[in-house]
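A short write-up of the structure that comes next.
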Amino acid sequence: MRVVVTGASSRIGQAIVRLLGAEGHYVIALYRSRRERVLEALGGSKGEIHQLDLRDENAIQAFATKVGEIDALVNNAGILAKGLEVVHVNLIGTIRLTEALMPKMALRSSIVFIGDALADGGMRDYPHYAASKAGLKAYALSLAKLLAPRVRVNVVEPGIIKTDLLESDAGLEGKFRKAVPLGRLGSPMDVARAVLFVLQEEYLNGCILRVDGGLAITNLANI
Ligand SMILES: NC(=O)c1ccc[n+]([C@@H]2O[C@H](COP(=O)([O-])OP(=O)(O)OC[C@H]3O[C@@H](n4cnc5c(N)ncnc54)[C@H](OP(=O)(O)O)[C@@H]3O)[C@@H](O)[C@H]2O)c1
């Protein structure tokens, strides 16, 4: 498969690039600023990397013009922050890229959106982020109806994944870990394996796959 992966420099994005590369797929990895992390993830695998800011409409169009036919798009880039900027990147930028690439999607190709297992319940501290992810899910499910049977569209929703911040704050990490029914936080590779699964399974369309160790069904989901 020729697969476009956004946010390839993120912890989860790097794991997706590594896994797809190891499985022999050709990865077209997009990043905004941390090029060295994408190169590290791609390693010796087949692929290419492109710098692209999802807020830049012209850059999106230019990339869509030059990229060849693709078999999959993994919309992973996303920021967790306060304010409307989050909506511009996570929702508007991702929709713009997806629509620009639609003419390039091969017959029987697929799109995966990375959502968030906790977004639907609302987030006191990150309302714009929660809105961006909930909106993205509604958009993804709409595409799953609109583009079938030519293109499948699915959503993978991580719970709390081990990040640099959590690794540096043992107290917070421990608190979250205890709240997860499976007793541990997710790893970027847990999410990457779910992405590979939905890319490969040909009868999945409009599927929402939570990768959260059961967190969304607990009280901690009320954050
Ligand atoms: N980590 C978690 O616990 C968790 C939980 C639920 C959902 N998720 C979702 O999983 C995805 C990856 O999360 P992560 O924690 O691995 O991410 P991260 O480490 O915080 O990195 C954010 C990623 O988004 C990219 N990005 C930011 N602004 C951009 C822009 N304007 N244009 C293009 N790319 C931009 C960054 O690119 P550069 O680094 O190159 O600037 C980076 O690759 C996100 O969609 C996130 O919402 C994560």
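Residue pairs, Cβ under 6 Å, 6 or more apart or interchain, first in segment 195-211 and under 23 Å from residue 118 (Cβ atoms), second assigned to a loop (DSSP other than H, G, I, E, B). List them.
Pairs that qualify, where the first residue is under 23 Å from residue 118 (Cβ atoms) and the partner is assigned to a loop (DSSP other than H, G, I, E, B), are 198/204; 210/117.
What are the pairs, 6+ residues apart or on separate chains, where a residue within segment 77-93 that is under 9 Å from residue 132 (Cα atoms) and in contact (Cβ under 8 Å) with a residue 12 or more places away in the chain has its Cβ under 6 Å from a residue that is of a type in the set (Gly, Ala, Ser) and near the ligand (Cβ under 9 Å from one of its atoms)?
So the pair list comes out as 86/132; 87/132; 90/78; 90/132; 91/132.
Which of the numbered conditions does residue 109 fail, given that it passes all the others? Conditions: (1) more than 12 Å from the ligand (Cβ to nearest atom); (2) in a helix (DSSP H, G or I); (3) among the polar types (S, T, N, Q).
(2)
Out of the residues in segment 147-179 that are under 30 Å from residue 103 (Cβ atoms) and basic (Lys, Arg), which is surrounded by the most Cβ atoms within 10 Å (Cβ to Cβ)?
152
Which one of 55, 96 is near the ligand (Cβ under 10 Å from one of its atoms) and either touching a Pro at 6+ places or on another chain (Cβ under 6 Å) or under 22 Å from residue 38 (Cβ atoms) (or both)?
55
Between a residue in segment 25-40 that is under 10 Å from residue 10 (Cα atoms) and near the ligand (Cβ under 10 Å from one of its atoms) and any residue that is assigned to a strand (DSSP E or B) and of a type in the set (Phe, Trp, Tyr), which pairs come within a Cβ distance under 9 Å, given they are 6 or more apart or on different chains?
Listed by first residue and then by second, the contacts come to 37/31; 38/31.
Hey, can you tell me all the residues within segment 189-202 that are surrounded by 13 or more Cβ atoms within 10 Å (Cβ to Cβ), under 20 Å from residue 26 (Cα atoms) and not aromatic (Phe, Trp, Tyr)?
Passing the criteria: 189, 191, 192, 193, 194, 195, 196, 198, 199, 201.
Would you be able to say whether some residue in segment 166-179 is modelled with pLDDT under 95, within 15 Å of the chain's Cα centre (by Cα) and not in a helix (DSSP H, G or I)?
no
For segment 128-146: of the residues being within 15 Å of the ligand (Cβ to nearest atom) and of a type in the set (D, E, K, R), which is surrounded by the fewest Cβ atoms within 10 Å (Cβ to Cβ)?
So the residue we want is 137.
Of the conditions (1) in contact (Cβ under 8 Å) with a residue 40 or more places away in the chain; (2) within 30 Å of residue 203 (Cα to Cα); (3) surrounded by fewer than 17 Cβ atoms within 10 Å (Cβ to Cβ), residue 113 satisfies every one except a single condition; which number is it?
For residue 113, the exception is condition (3).
Consider residue 157 carefully, then state whether it is more than 10 Å from the ligand (Cβ to nearest atom) and not aliphatic (A, V, I, L, M).
It is false that residue 157 is more than 10 Å from the ligand (Cβ to nearest atom) and not aliphatic (A, V, I, L, M).
The values are calculated or read from the model by the stated rules, or taken from the named source; none is laboratory data. Values in this document were obtained by computation on a predicted structure and should not be read as measured data. As a convention, Cβ positions derive from the backbone with ideal geometry for all residues, glycine included, and neighbour counts pool all protein chains shown.
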